[in-house]
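Participant: Dropping a structure here in structure tokens format, bear with me for questions.
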Amino acid sequence: EMGYFTYDPGFTSTASCRSDITYIGGDQGELWYRGYPIDQLAEQSSFLEVAYLLLHGELPNKRELDTFNRAITHHTMVNESLKNFFNGFHYNAHPMAMLTGVVGSLSAFYHDTVDVNDPHNRMLCAYRIFAKMPTISAAAFKHMLGEPFVYPQNRLSYCGNLLNMLFSRPSEEFEINPVAERALDQLLILHADHEQNASTSTIRLTGSTGTNPFAAVAAGCAALWGPAHGGANEAVLNMLEEIGDVKQVPRYIDKAKDKDDPFRLMGFGHRVYKHYDPRASIIRKTCHEVLDELGIYNDPQLELAMRLEEIALADDYFVERKLYPNVDFYSGIIYRALGIPTEFFTVMFAIGRAPGWLAQWMELVTDPEQRIGRPRQLYAGPSKRDYVPLHRRS
Ligand code: SDX
């Protein structure tokens with residue numbers, strides 16, 4: 001019996017859950033968190049508020065936001081012994097390798113809250129992960145640089161604190177640039193959730209076994225790292241560097257179209273959007289503003305990216321397949337302008353995605369319709385056959 005199942009590699013037409021969190025209108029290029037359109041949130045909200053919205057389902061009032069801020073800042077520190085994990089990594093370890101490992105290790109520090117059947121524990125774990133993502137990420141960054149870790153400062157905003165932990169040094173004054181702080185906050189809002197993408201689906205599949213959320217989020221980080229997913233922001237900048245000159249753009253467009261060539265236009269295409277990714281258009285605009293405000297004019301990589309987009313969007317290959325820039329296409333140019341190195345981009349994505357991952361995990365574990373994730377397969381291997389002893393095998 002071979003089994004008769006719906007064959008859907010890559011899950012292009014399988015809904016794995018019901019969800020109240022995020023809506024994507026792929027044909028119109030629409031994105032809502034809990035019903036609120038992404039452009040309104042990106043322009044008017046803050047990342048902290050969006051995290052509350054995703055985790056609790058509604059926007060907070062002033063009192064609720066203050067309480068949330070206090071609760072999150074209460075959890076920004078990591079156990080001192082967690083720092084020892086970093087000493088075990090080589091200085092040039094990829095920061096996503098460090099993030100994945102260290103986030104997973106949190107489960108060893110919080111045995112007391114890993115019982116996922118207790119609603120209080122669930123929210124406590126979610127707050128802990130959300131609060132510690134910047135601290136752990138910045139520690140990975142400092143380890144890369146060989147600089148001392150910087151403790152979180154709870155008087156600062158979520159992004160102000162992140163910038164401070166990344167860039168301040170004990171030897172000098174550090175001032176948070178408000179343009180950088182706001183741009184970062186907006187980027188994190190734009191990354192906060194995206195329904196059942198590969199990393200979120202990984203978290204749901206992992207979470208469906210009843211494992212603790214620290215382990216599930218570590219699995220999410222691992223899934224995000226790949227260049228077809230969150231690793232694309234790093235891959236875009238590497239691609240722009242490789243292209244090097246506007247004159248080379250047509251040659252790379254030809255390579256991307258060539259099915260015998262593994263090269264793909266990084267930051268282009270999307271499983272759900274068959275229209276401009278609404279996040280990409282917001283980021284594109286912010287990218288111009290941020291570079292202007294930081295006094296970076298005629299950035300060669302921005303020019304290269306715009307030329308690439310222009311040529312691709314006028315090309316039948318990309319038009320027919322409805323391939324547009326996605327969230328990762330312009331984000332790296334902003335990160336770079338803020339002084340964040342290329343190999344750290346995917347970590348920034350992970351910080352932004354954390355509230356979405358956690359909201360999706362909580363929805364999963366409280367959904368009475370959910371069971372352990374267990375896809376079936378179409379068996380295509382040998383038919384039943386008898387074992388041959390070693391001495392009789394040719
Ligand atoms: C993210 O899912 C999410 O929501 C993800 C995300 C999130 O917020 O969580 O939005 C974040 O992961 C953004 C995507 C980042 N990845 C990249 O930018 C890498 C480059 N893009 C592709 O690898 C690809 O477009 C995907 C992975 C994004 C989507 O893959 P699909 O849905 O499986 O589409 P496909 O590969 O089957 O492509 C359809 C066609 C193919 O051509 P044909 O075989 O039909 O002739 O389009 C072609 C593909 O070859 N194609 C590309 C291309 N992307 C698709 N051709 C050239 N360059 C590309 N980038």
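Participant: Please go through region 345-369 and give me each residue that is surrounded by fewer than 24 Cβ atoms within 10 Å (Cβ to Cβ), of a type outside the set (A, V, I, L, M) and in a helix (DSSP H, G or I), ordered by number.
Facilitator: Of everything in region 345-369, just one residue is surrounded by fewer than 24 Cβ atoms within 10 Å (Cβ to Cβ), of a type outside the set (A, V, I, L, M) and in a helix (DSSP H, G or I), namely E363.
Participant: Can I ask one more? Under 8 Å by Cβ, and 6 or more places apart or on different chains, what pairs join a residue from region 153-169 that is surrounded by 17 or more Cβ atoms within 10 Å (Cβ to Cβ) with one that is β-branched (V, I, T) and part of a helix (DSSP H, G or I)?
Facilitator: Y158/I72; L162/I351; M165/T135
Participant: Return the pairs, sorted by first residue and then second, in which the second residue is among the basic types (K, R) and in a helix (DSSP H, G or I), the first residue lies in region 120-140 and is under 19 Å from L156 (Cβ atoms), the beta carbons are less than 8 Å apart, and the residues are 6+ apart or on different chains.
Facilitator: A139/K83
Participant: Also, quick follow-up: Condition first: of a type in the set (D, E), part of a helix (DSSP H, G or I) and farther than 23 Å from F349 by Cα. Now tell me which residues in region 304-319 satisfy that.
Facilitator: Correct list: E310, D316.
Participant: Hey, among R393, R371, which residue is away from the ligand (no atom under 16 Å from the Cβ), over 23 Å from the mean Cα position of the chain (by Cα) and in contact (Cβ under 8 Å) with a residue 60 or more places away in the chain?
Facilitator: R371
Participant: Sort out which residues of region 349-389 are closer than 26 Å to I129 by Cβ and of a type in the set (S, T, N, Q), and write them in order of number.
Facilitator: Once the filter is applied, which keeps residues that are closer than 26 Å to I129 by Cβ and of a type in the set (S, T, N, Q), region 349-389 yields Q360, T366, Q370.
Participant: Within region 169-187, can one find any residue that is at pLDDT 95 or above, under 22 Å from the mean Cα position of the chain (by Cα), within 16 Å of the ligand (Cβ to nearest atom) and not small (G, A, S)?
Facilitator: Yes, the conditions are met somewhere in region 169-187.
Participant: Please determine, by comparing only the residues of region 197-214 that are buried (at least 20 other Cβ atoms within 10 Å of the Cβ) and of a type outside the set (V, I, T), which one is nearest to the ligand (Cβ to nearest atom).
Facilitator: Here the answer is N197.
Participant: Which condition number does M362 fail, the rest of (1) touching a Lys or Arg at 6+ places or on another chain (Cβ under 9 Å); (2) within 16 Å of the ligand (Cβ to nearest atom) being met?
Facilitator: (2)
Participant: Considering each of D261, D254 in turn, give the residue that is farther than 30 Å from W361 by Cα, within 14 Å of the ligand (Cβ to nearest atom), in a helix (DSSP H, G or I) and at pLDDT 95 or above.
Facilitator: It is D254.
Participant: Being in a loop (DSSP other than H, G, I, E, B) and of a type in the set (S, T, N, Q) is the filter here, so list the residues in region 10-53 that pass it.
Facilitator: If the condition is that a residue be in a loop (DSSP other than H, G, I, E, B) and of a type in the set (S, T, N, Q), then T12, S13, T14, S16, S19, Q28, S45, S46 are the ones that fit.
Participant: What are the pairs with Cβ atoms under 7 angstrom where one residue, in region 184-195, is assigned to a helix (DSSP H, G or I) and the other, located anywhere, is within 12 Å of the ligand (Cβ to nearest atom) and small (G, A, S)? Sequence gap at least six, or different chains.
Facilitator: Note: pairs meeting the criteria are L187/S331; L187/G352; L188/G352; H191/G352.
Participant: Can you confirm whether G226 is surrounded by fewer than 18 Cβ atoms within 10 Å (Cβ to Cβ), small (G, A, S) and without any contact (Cβ under 8 Å) to a residue 12 or more places away in the chain?
Facilitator: No: the conditions fail for G226.
The values are calculated or read from the model by the stated rules, or taken from the named source; none is laboratory data. All values derive from a computational prediction rather than experimental measurement. All Cβ positions, glycine included, derive from the backbone under ideal geometry; neighbour counts span all protein chains shown.
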